[in-house]
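> I'd like to ask you about the structure that follows.
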Amino acid sequence: MKAQINTEKLPCHIGIIMDGNGRWAKEHGKPRIFGHRNGVTAVRETTEAAAELGVEYLTLYAFSTENWNRPKLEVGALMRLLVETLAKEVNTLHKNNIRLKAIGDLSKLPDSTRKALLEGIEHTKANTRMTLVLALNYSGKWDLAQAAQRLGQQVKDGQINPEDISQEAVANALSTSGMPDPELLIRTSGEARISNFLLWQIAYTELYFTPVFWPDFRKDDLYTAILDYQNRERRFGKISEQVIS
Ligand code: IPE
Ligand code: IPE
Ligand code: MG
C-alpha cells in the first residue's frame, strides 16, 4: 500500500477527527475510557506513518469545546490519559525529531494537563521533521472568535485599520497561523460531519470518511486515505482542463 503513494503529491498537512472510541469500547464490552486508552495506539501508529512518509503537519482533534458536556468521569479520565500519554510519548517524539504543538483554549484545561502539554511543546520546539498538532479544547468557532478579538484589539490600539482585515490577516490571527491549510481531512467511525473542527482552514480540503473506529486505525488506513486523496482532482473553482498538468 505504502509503495503506491506518490511522494511528490503528498498532502503537506493532514487533519484527523479521531472518532469512535466509545463505540469501539462498547463492541468489546468495556467502558468508554477503554476505547480512549486504545486510541493512543492509533495516535502512535498514525504519527509514525505520517512522519515516515514526509507529511509536514498532522493535526489531531483530541478534545472539542463541546466535549466538556460529557459525563464528568469521562472528561476527567481523558484529561488524565493525556498527561499519562504525554509523559510516555514526548521522548519518542523528540527522538524522531517531531515537534509538538497545541491549538485550542488551553487556559481552560486542568493545570496538570496544561503543564504536561506546555513542557512537551517546549521540549520539542526545535524539531523539524514533522509538527504534530493536538487540537485540545478546540473548536473552529472558538478559533474564529478569538481571531476576531485579536484583530479588534489591533484596530482599537491603532495598529491596523478595519480595511486591513484581509483574508490573510484573518488566517494569521487564527491559532493555525503559519501552518498551511490541510489538504486532507480524515474522520473515522462512519460519521460524516465536521463537529466544529477547523472551519476556515478546510475551505478547499478534501474530506475522507472511513467506517473504521479510531482505536483500530493503523498505518494502512492512513495510506488508503492518502491514496484516495491522490486520485482526486482538486479544481479550486476552475474547470478540469485547466488543472490537468
Ligand atoms: C472520540 O471518540 C474521542 C473524543 C471525542 C475524545 P468518542 O468518544 O467520540 O467515541 P464515540 O463517537 O462515542 O464512539
Ligand atoms: C469530535 O467527535 C471531537 C473529537 C474527535 C475530539 P465527537 O464524538 O465529539 O463529535 P459528535 O458529537 O459526534 O459530533
Ligand atoms: Mg464521537
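The values are calculated or read from the model by the stated rules, or taken from the named source; none is laboratory data. All values reported here derive from a predicted model rather than from experimental measurement. Virtual Cβ from ideal backbone geometry, glycine too; neighbours counted across all protein chains shown. Protein only, heavy atoms only, side chains kept; ligands, DNA and RNA dropped before computing areas. Shrake-Rupley method; radii C 1.70, N 1.55, O 1.52, S 1.80 Å.
> Run down 50, 62, 77 and say which single residue is in contact (Cβ under 8 Å) with a residue 12 or more places away in the chain and either more than 25 Å from residue 184 (Cβ to Cβ) or β-branched (Val, Ile, Thr) (or both).
Within the list 50, 62, 77, the selection yields 77.
> Does region 46-58 include one or more residues that are assigned to a helix (DSSP H, G or I), more than 19 Å from the chain's Cα centre (by Cα) and within 16 Å of ligand 1 (Cβ to nearest atom)?
No, there is no match, as no residue in region 46-58 is assigned to a helix (DSSP H, G or I), more than 19 Å from the chain's Cα centre (by Cα) and within 16 Å of ligand 1 (Cβ to nearest atom).
> So, one more: I'd like the full set of residues that are under 21 Å from the mean Cα position of the chain (by Cα) and in a loop (DSSP other than H, G, I, E, B), limited to region 1-36.
10, 11, 12, 18, 19, 20
> Here is a follow-up. Quick one: which helices (runs of 4 or more DSSP H) lie wholly within region 135-245 and hold at least 1 residues that are without any contact (Cβ under 8 Å) to a residue 40 or more places away in the chain, surrounded by 11 or more Cβ atoms within 10 Å (Cβ to Cβ) and touching a helix residue (DSSP H, G or I) at 6+ places or on another chain (Cβ under 7 Å)? It would help to see each step written out before you state the result.
Values: elements: 140-156, 167-173, 219-230, 240-243.
Answer list for region 135-245: 140-156, 167-173.
> Sticking with this structure for a sec: Name every residue in region 80-104 that is exposed (fewer than 13 other Cβ atoms within 10 Å of the Cβ) and hydroxyl-bearing (Ser, Thr, Tyr), in order of residue number.
Listed by number, the list holds a single entry, 92.
> Also, I was wondering about something else. Can you tell which of 99, 44, 80, 23 is charged (D, E, K, R), modelled with pLDDT of 95 or more and closer than 25 Å to residue 199 by Cα?
99 is the lone residue from the list that is charged (D, E, K, R), modelled with pLDDT of 95 or more and closer than 25 Å to residue 199 by Cα.
> Right, here's the next one. In region 9-43, what count of residues is obtained for those that are more than 27 Å from residue 92 (Cα to Cα) and more than 9 Å from ligand 1 (Cβ to nearest atom)?
6
> Would you mind stating whether residue 33 is among the β-branched types (Val, Ile, Thr) and open to solvent by 20 Å² or more (accessible area, probe 1.4 Å)? So that I can check it myself, show each step before the final result.
Values: among the β-branched types (Val, Ile, Thr): yes; open to solvent by 20 Å² or more (accessible area, probe 1.4 Å): yes.
It is true that residue 33 is among the β-branched types (Val, Ile, Thr) and open to solvent by 20 Å² or more (accessible area, probe 1.4 Å).
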